[in-house]
Amino acid sequence: MTDRLKLLKKRLNLSKTESFLVSNPINIFYLAGYGDLSDEKDFWLLITSKTNYLLTDPRYSSSVKPSLDFRLLEITKDRILAQAIKKVLQDLKIQTLGFEDKGLSFFEFRKFKEALKPAELKPFGDPIESLRQIKNKEEVVKIQKAAGIADLAFNHILGFIKPGLTEEDIALMLEIFMRKSGADGISFPPVVAFGKNSAIPHHQTGKTLIQSPGILLLDFGARFQGYCSDLTRTIFLGKPPGELQKRYELVLAAQNKVLVQVKAGMKAYEADGIVRRVFRENGCEEKFLHSSGHGVGLSVHEGFALSPQNQTILQKGMVFTVEPGLYFPDWGGIRIEDLVLTGKDGVKRISQSPVEMIVLS
């Protein structure tokens, strides 16, 4: 049995949960290695104290390899999902079925609640997502590879950015390069924001033309063997205005403070407070519009965030972003984002792209 499955079953046993239904495709991939990390629910896991079941239909059952961890249970027209689960619960005399808080839609919940009677459905938080927050060495290597591909893409795109291209042109070039460089795909659609668009943290990349002079924000990531990276850099075309350098250096100073001060045992909100303190002391905290970072793994936003109320304790093995930014609607925005790995004595930057301001003439 894998360590991941052992840890999950230990948590279930401690809470006296007889059985547990896993429906989140990413969590199924994490535990069993099946699925494509999309929203499609092609596989389900049923965890019990005696046997663990992998449920799927004939389209995918032939691809399931023999496993000591999971017994294949095929879903057919004559044995639909709810009926198959109910049969297992009845055979094992199980009275309650735990489920992931975020795993079932309200429609699915009502359907299962009725179909599985007399067994009772019991919400059980998100135990697998909390397990995913701590990365093992193999996971870290995959994230490092994904980050390395993004670093290569940033260095590559600098040679092609020029006036006349659109935001969409640059986004497409980034995606093509990352795929050709070994990425499974992209972590999320690249955010390419020119000029005043860069003042919108989650700007939707469009047909805005790149011009000189102007500010250009690039936020993108690669996915490698399921694991994501996330990188943001802000560059300038042409002669930069004087306030740009000052604001850029302030954002960089905020990030550097986090990298120096954050360590295992600190709470997420305390790390966020480091960034906000730098901006507050310089009279621009109101221009910081989002959290200071977020967990990254099989999801590009995974688990916790570095935000004012987040009580998550940072632990060795956690991977997250540090991404301070300042946004001025009539001028533009600056964000610098890097992946870091929490170690025993602090955090280590995973991303390797230069953080100094880059000016393209």
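FYI, it's all coordinate maths here, none of it is from the lab. Being a predicted model, the structure only gives us computed values, none of them experimental. Cβ atoms come from the backbone with ideal geometry, glycine included; neighbour counts cover every protein chain shown.
Output the relative contact order of the range 8-62, whole-number percent, from Cα pairs under 8 angstrom with separation of 6+ residues.
30 percent
Taking the simple approach of a point 7 Å from Cα along Cα-to-Cβ for both residue 156 and residue 172, what is their distance in nm?
Simple spin-label model gives 1.6 nm for this pair.
Using only the Cα atoms, what convex hull volume per residue in Å³ does the range 194-245 have?
98 Å³
State log₁₀ I(q)/I(0) for the range 1-40 at q = 0.34 Å⁻¹ as given by the Debye formula over alpha-carbon point scatterers of equal weight, solvent excluded.
Results for the range 1-40 at q = 0.34 Å⁻¹ read -1.10.
Give 196/239; 137/263; 50/135; 9/145; 50/113 a once-over and call out the pairs whose C-alpha atoms are over 21 Å from each other.
50/135; 9/145; 50/113
Could you name the aspartates and glutamates whose alpha carbon sits less than 12 Å from that of residue 102, not counting residues in the same chain fewer than 8 places away?
Answer for residue 102, where 12 Å is the Cα cut-off: 126, 129, listed by chain and number.
Mind listing the Cα extents of the range 50-137 along all three principal axes, in Å, largest one first?
Cα extents, longest axis first: 43, 31, 26 Å.
How much net charge surrounds residue 114 when only other residues with a Cβ under 14 Å from its Cβ are counted (Lys, Arg +1; Asp, Glu -1)?
That sum, taken over residues with Cβ under 14 Å, equals +3.
For the chain, taking Cα atoms only, what is the radius of gyration to one decimal and the Dmax to the nearest whole Å?
In Å, with Rg to one decimal and Dmax whole: 23.1, 74.
Of all alpha-carbon pairs in the range 1-113, indicate the percentage at a distance above 16 angstrom.
Result for the distance tail: 59 percent.
To check you understand DSSP bridge types, tell me what percent of the beta bridges within the chain (both residues inside) are antiparallel, rounded to 5. Don't skip to the end; give the middle numbers.
Details: 41 of 54 bridges.
Antiparallel bridges make up about 75 percent of those DSSP assigns within the chain.
Quick check: residue separation of residue 109 and residue 61 times 0.36 nm, minus the Cα distance between them. What number comes out in nm?
14.8 nm
Would you mind ranking 318, 178 so that the residue whose beta carbon has the fewest other beta carbons within 10 Å leads the list?
Exposure proxy ranking, most exposed first: 318, 178.
Give the separation of the Cα centroids, the range 108-145 to the range 194-254, in Å.
Between the Cα centres of the range 108-145 and the range 194-254 lies a distance of 35 Å.
Packing-wise, with mean Cβ within 10 Å as the measure, how do 222-228, 273-279, 7-13 rank, highest first?
Working: 222-228: 24.0, 273-279: 19.0, 7-13: 16.1.
The peptides rank, most packed first, as 222-228, 273-279, 7-13.
Run the numbers for residue 92 and residue 259: contour at 0.36 nm per residue of separation, minus the present Cα-Cα distance, in nm.
Working: separation 167, 0.36 × 167 = 60.12 nm, distance 5.10 nm.
Computed gain between residue 92 and residue 259 is 55.0 nm.
Over the Cα atoms of the range 63-219, compute the convex hull volume and normalise it per residue, giving Å³.
Spelled out: Cα convex hull of the range 63-219, divided by residues, is 206 Å³.
Using a simple charge model, +1 on the beta-carbon of Lys and Arg, -1 on the beta-carbon of Asp and Glu, nothing else, what dipole does the range 137-360 show about its Cα centre, in debye to the nearest 20?
The calculated dipole for the range 137-360 is roughly 360 debye.
Count charges around residue 245 for me, please; just the other residues with Cβ under 14 Å from its Cβ, Lys/Arg as +1, Asp/Glu as -1.
Around residue 245, the surrounding residues sum to 0.
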